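Colleague: One structure coming up, written as structure tokens, with questions to follow.
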Amino acid sequence: MTGDDVLGLDGVDQAELVHTGQVSPVELTEWAIARIEQLNPTLNAVITPLFDAALAAAGSVSRRALLAGVPFLAKDLVVEIAGTPFAEGSRFVHGLISATDSELVRRWRRAGLVVLGKTNTPEFGMVPTCEPVLTGATRNPWDPARSTSGSSGGSAAAVASRMVPMAHGNDLGGSLRYPASACGVFGLKPTRARNPLGPEYGDAVAGWAVEHGLTISVRDSAALLDVTSGPALGDPYPAPPTAGSFRSQVGVEPGRLRIGYSSATADGTTPAPDCTAALQDAVELCERLGHTMIEADLPGLTSRVGDAIGTVFNSATAWIVDYWIRRLGRAPGEDDLEPLTRMFWEAGRQVTAGQFLLAMTDCQSFARTAAAFLTDIDVWLTPTLSTPPALLGAITSTADDPWRALAAGGRTVAYAGVVANITGNPAMSVPLWWNPAGQPIGVHFLGRFGDESTLFRLAGQLERARPWAGRIPPIAATAGGADPSRIRDPGRSAHPDIPGTFESGSGRG
């Protein structure tokens, strides 16, 4: 098989080719490296190539591993890989070489993933775009003049352009789901504590921050969560246990769900017409699939909760910068932090311990309101973003206007994806609709706490009804890629340890 035959396939299919001996992990790695070298000069998604190490690792991958040989990229934020540069998008941290592997990296390797490099991120992941001063802007594969959103924008661009079928991302306030929407890929935010943050962190920002990935397919996301989830030694608390694997849920019909939906933004602003059109399309699709659709606005997002969210984000930035001051043994110089980061840091340092805990009290009170709201419905549907992907440069700050990026970015995320971080609930952005200009507009489903299974069942059903794997950005299509119709039926596995438990006929049409 050729690289062009394989690179458009999802990760599960690429691993199946390794399991059955049709390709080797080294071949998968070489083809992915060639694709990155071809497209990255335009997209700037991969900022730290680790090609030599990846080829060496590919040569020792067990063909029996669940995701044997699958090319993978790590976002350059939170998760560290020993012996590699680590900067979190910041000139302040630039030059650091990580000394240890994060637990997540160890689990990736045990699963057979081959890490080819690190992807771009805004400074400390704090804005919904991917345009750090340190490494420059990542460009959206659907329109290189536009943003990928953020903060997992480098990973989303890499998956959308089929550099790799899956890539790592993390999410403190929507940073997996926003770029999934902007780049037309699948993005799941897991339940709080589903994946470990150790050994460096027990949790982050009271559990608001979570780790997972961006993927081509739903089953890739489920398979990735299967190999990474579960508490590590010394974690402060675990996520609720699940029955069986996440991947086993993807081919299961979800049954008739009660799905609440709303076009109302959290701040009362008017969303872009494309975003409400994407919502209406999703509502109609879910109705055709037999679900009960109930128009319902999420209660409880008061100005007090909004103020509390601001306090938490200011405090989070103060924690991040002070963490790096302690670790690096020096304070940031005048040009070490971007203007918005410095303003967040300074505001956060003014927050008292009592004010932070009071803000957390307000957020936890809202979480109870949201939990009660989800007792009457199974999931809640909105657009993911409130505007199409912004033009590059629109969500940036200057020394003269340091808050510019916050205001401009806020206009794109008025649907408050942070709700899932406050509550700890799982949520996902699903790529069902593209506007007339060819830009993807995702829709967002918020699930109940601990219930990724319902989201995976629903996402699998939506994917079968409206397959998106064939929607490839022009920049990637001209580079060559596999016919997505060749992706195997998710119910049929050639891996010796995976029974064919999925329903037949659940492939991509």
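Colleague: Give, as a single signed number, the net charge of other residues whose beta carbon lies under 12 Å from the beta carbon of Cys183, with Lys and Arg counted +1 and Asp and Glu -1. Please report the intermediate quantities before stating the final value.
Modeller: Numbers: positive: Arg139, Arg146, Arg162, Arg177, Arg471; negative: Asp143.
Neighbour charge sum, excluding Cys183 itself: +4.
Colleague: Let me ask something else about it. Note the full-extension length gain between Gln355 and Gln280 as 0.36 nm times their separation in residues minus their Cα-Cα distance, in nm to one decimal.
Modeller: On the way: separation 75, 0.36 × 75 = 27.00 nm, distance 4.03 nm.
Between Gln355 and Gln280, full extension yields an extra 23.0 nm.
Colleague: Ignoring the sites themselves, what is the longest stretch of the chain with no trypsin sites (Lys or Arg not before Pro) in a DSSP loop and at most 11 other beta-carbon atoms within 10 Å?
Modeller: Details: sites that count: Arg256, Arg330.
The answer is 1-255.
Colleague: While we're here: Amide H to amide H, which residues 5 or more places from Trp433 or on other chains are under 5 Å from it, using H placed in the peptide plane?
Modeller: Ile441
Colleague: Taking θ as phi - 60°, what are the ³J(HN,Hα) couplings along region 356-368 by the Karplus curve (6.51, -1.76, 1.60), each to the nearest whole Hz, with x for Gly and Pro?
Modeller: Values per residue, Gly and Pro as x: 4, 5, 5, 4, 5, 4, 5, 5, 5, 5, 4, 4, 5 Hz.
Colleague: While we're on this one: How big is the chain on each of its three principal axes, counting only the C-alpha atoms and giving the largest first in Å?
Modeller: Per principal axis, max minus min of the Cα coordinates gives 59, 52, 47 Å.
Colleague: While we're on this one: For region 116-177, what is one quarter of the convex hull surface built on the Cα atoms, given in nm²?
Modeller: Values: hull surface 15.8 nm².
The directionally averaged projection comes out at 3.9 nm².
Colleague: May I pose another question? Per residue and in Å³, how big is the convex hull formed by the alpha-carbon atoms of region 310-413? If you can, show how the numbers build up before the last one.
Modeller: Numbers: hull volume 14.5 nm³, N = 104.
In region 310-413, the Cα convex hull volume per residue is 140 Å³.
Colleague: What list do you get for Val205, Val93 if you sort them by fewest beta carbons within 10 Å? Intermediate results must be reported in sequence, preceding the final value.
Modeller: Numbers: Val205 17, Val93 22.
Ranked by crowding around the Cβ, least crowded first: Val205, Val93.
Colleague: Would you calculate the convex hull of the Cα atoms in region 256-370 and tell me its volume per residue in Å³? Provide the component values of the computation, followed by the final result.
Modeller: Details: hull volume 19.0 nm³, N = 115.
Convex hull of Cα atoms, per residue: 165 Å³.
Colleague: What list do you get for Thr269, Thr311 if you sort them by fewest beta carbons within 10 Å? Intermediate results must be reported in sequence, preceding the final value.
Modeller: Details: Thr269 12, Thr311 20.
By the 10 Å Cβ count, ascending, the order reads Thr269, Thr311.
Colleague: Just to check, using Stokes-Einstein with a Kirkwood Rh over alpha carbon pairs, what's the diffusion coefficient of region 1-134 at 10 °C and 1.306 mPa s in µm²/s?
Modeller: The calculation lands on 103 µm²/s.
Colleague: Now for a separate question. From the Cα trace of region 1-49, what convex hull volume per residue do you get, rounded to a whole Å³? Don't skip to the answer; put the middle values down first.
Modeller: On the way: hull volume 3.9 nm³, N = 49.
Normalising the Cα hull of region 1-49 by residue number yields 80 Å³.
Colleague: First obtain the Kirkwood hydrodynamic radius of region 51-204 from its Cα pairs, then insert it into the Stokes-Einstein equation at 37 °C and 0.692 mPa s, and state the resulting D in µm² per second as a whole number. Mind showing how you got there, number by number?
Modeller: Values: Rh = 15.6 Å.
Once the numbers are plugged in, D ends up at 210 µm²/s.
Colleague: In terms of the ratio Rg/(2.2 N^0.38 Å) built on C-alpha atoms, what value belongs to region 142-288? Mind dumping the intermediate values first?
Modeller: Values: Rg = 16.7 Å, N = 147, 2.2 N^0.38 = 14.7 Å.
Relative to the 2.2 N^0.38 Å estimate, region 142-288 comes out at 1.14.
Colleague: In debye, nearest 20, what is the charge dipole magnitude of the chain about its Cα centre with +1 on Lys and Arg Cβ and -1 on Asp and Glu Cβ, if you could check?
Modeller: Values: 40 positive and 51 negative charges, 125 e Å.
I would put it at about 600 debye.
Colleague: Given a Förster radius of 56 Å and the C-beta distance between Ala465 and Tyr201 as r, what FRET efficiency does 1/(1 + (r/R0)^6) yield to the nearest 0.05?
Modeller: Numbers: r = 39 Å, r/R0 = 0.70.
E(calc), rounded to 0.05, equals 0.90.
Colleague: Using DSSP to define loop residues, name the GluC sites (Glu not before Pro) in region 74-162 whose beta-carbon has at most 10 other beta-carbon atoms within 10 Å.
Modeller: Here no loop site has a sparse enough neighbourhood.
Colleague: Give me the one-decimal Kirkwood hydrodynamic radius in Å for region 55-117, with the sum taken over alpha-carbon pairs.
Modeller: Working: mean 1/r = 0.0809 Å⁻¹.
Computed over region 55-117, the radius equals 12.4 Å.
Every number in this text was worked out from the coordinates using simple rules, so none of it is lab data. Model, not experiment: these values are computed from the prediction. Neighbour counts are summed over all protein chains in view; Cβ atoms, including those assigned to glycine, are modelled from backbone coordinates with ideal geometry.
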